[in-house]
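The values are calculated or read from the model by the stated rules, or taken from the named source; none is laboratory data. Model, not experiment: these values are computed from the prediction. Please note: Cβ atoms are built from the backbone with ideal geometry, for glycine as well, and neighbour counts cover all protein chains shown. Only protein heavy atoms, including side chains, enter the accessible area calculation; ligands, DNA and RNA are left aside. Shrake-Rupley method; radii C 1.70, N 1.55, O 1.52, S 1.80 Å.
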Amino acid sequence: MNLTLNRREFVFGSAGVAAAMALTGCGGDGADSSASVGSAGAEKREYISNDEIDALFTNPDEYKGKWVKLPGKTLGSSETQDGVTAFQAYYDITTYDRTYIVHCATDESYGDGEYVWVDGKVDGTFSGENMMGATLEVPLIVDATVTKSTYVDVVAPATATSEPAVSATQNDVTFTCDKVEYAKVETRIQLTVSNPTANGVSYGLYSICLLVNGQQVDQDSSSGSAYEGEYPELSYDLTAGANTTGILVFPPMDPAQAFQIVIPDIYSDDYNIQFSNITLDIPAAQ
């Protein structure tokens, strides 16, 4: 059965996590999954391919005994019993869809909203009931090795990175592109603004855009990455003598494509000092 799990409908709570530790996968022979934790040892592992992940969530029983590597964001806190820790995690992290249950042989705890990588064996379908009385049928992953990670590494890992260190200065105020990180879901641009002058300076932070082959590309205002990833924020209003460094998020881009960063609406507290738009020419990633 193909279930779409979302934040509103499928929230376990501690009672559900405890049930996840007590129940086994409902497909196959119903062997106690907790008994197999840590017993995989030297057994040959046949891993599910990335192309089979969708089918795993449609029919976990079909993949029982195979191994899988999954990203995740924990849903609620883990519970530990007799050296076995159980928790629920989202697979589709950005949309909060499709969850799975993890059993791992560790006393380490996992809080709500932690990013993890899970490497474990599929033990069929976990069937249970959430706190709202709805039926929950999701993959059960046992014998798992769990690695705590970060938003960037799990959701938006860089496929290419460049450090152009391109700068432009007007009236002693300097704008620098320190780094560009290209990911499948976004492009992250790290900028530094330095104001060594005796006057405050502001600029159009939210109007900063890119020019790619003459086409304007605006910041991805719908992205939650800056919040979820705790990206450093640029200050748009700099006092005299201050610096600021932060990350702006744009849609995915081709690393082989050169582009320009346009920084508009720059003003000094001294109205006698006039600025024009700053343009930074960023070469293609090497």
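In table form, for the structure just shown:
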quantity: Criterion violated by E79 - all others in (1) open to solvent by 40 Å² or more (accessible area, probe 1.4 Å); (2) part of a strand (DSSP E or B); (3) of a type in the set (D, E); (4) more than 28 Å from E230 (Cβ to Cβ) satisfied; calculated: (4)
quantity: L75 hydrophobic (A, V, I, L, M, F, W, C) and under 18 Å from S149 (Cα atoms); calculated: yes
quantity: Residue that is nearest to A105 (Cα to Cα), among those in region 36-52 that are modelled with pLDDT under 65 and not hydrophobic (A, V, I, L, M, F, W, C); calculated: G38
quantity: Matching residues in region 145-160 - criterion: being small (G, A, S), in contact (Cβ under 8 Å) with a residue 60 or more places away in the chain and in a strand (DSSP E or B); calculated: A160
quantity: The listed residue being touching a Leu at 6+ places or on another chain (Cβ under 9 Å) and part of a loop (DSSP other than H, G, I, E, B), out of G113, G128; calculated: G113
quantity: Unmet criterion (only one of (1) modelled with pLDDT of 95 or more; (2) out of contact with any strand residue (DSSP E or B) (no Cβ under 6 Å at 6 or more places or on another chain); (3) in a strand (DSSP E or B)) for A55; calculated: (3)
quantity: In region 239-273, residue surrounded by the most Cβ atoms within 10 Å (Cβ to Cβ) [restricted to those that are farther than 26 Å from T159 by Cα and without any contact (Cβ under 8 Å) to a residue 40 or more places away in the chain]; calculated: Y271
quantity: Matching residues, region 274-286, being over 21 Å from S162 (Cβ atoms) and either touching a residue at least 60 places away in the same chain (Cβ under 8 Å) or touching a Ser or Thr at 6+ places or on another chain (Cβ under 9 Å) (or both); calculated: Q274, F275, S276
quantity: Residues of region 58-76 classified as open to solvent by less than 60 Å² (accessible area, probe 1.4 Å) and in a strand (DSSP E or B), total; calculated: 9
quantity: Among residues of region 274-285, those that are closer than 16 Å to D172 by Cβ and either among the aromatic types (F, W, Y) or surrounded by fewer than 14 Cβ atoms within 10 Å (Cβ to Cβ) (or both), counted; calculated: 3
quantity: Qualifying positions in region 201-230 - closer than 24 Å to V173 by Cα, touching a Phe, Trp or Tyr at 6+ places or on another chain (Cβ under 9 Å) and of a type outside the set (D, E, K, R); calculated: V201, S202, Y203, G204, L205, Y206, C209, L210, L211, Q219
quantity: Lone qualifier among G128, G113, G124 - being closer than 25 Å to K44 by Cβ, of a type in the set (G, A, S), touching a residue at least 40 places away in the same chain (Cβ under 8 Å) and open to solvent by less than 40 Å² (accessible area, probe 1.4 Å); calculated: G124
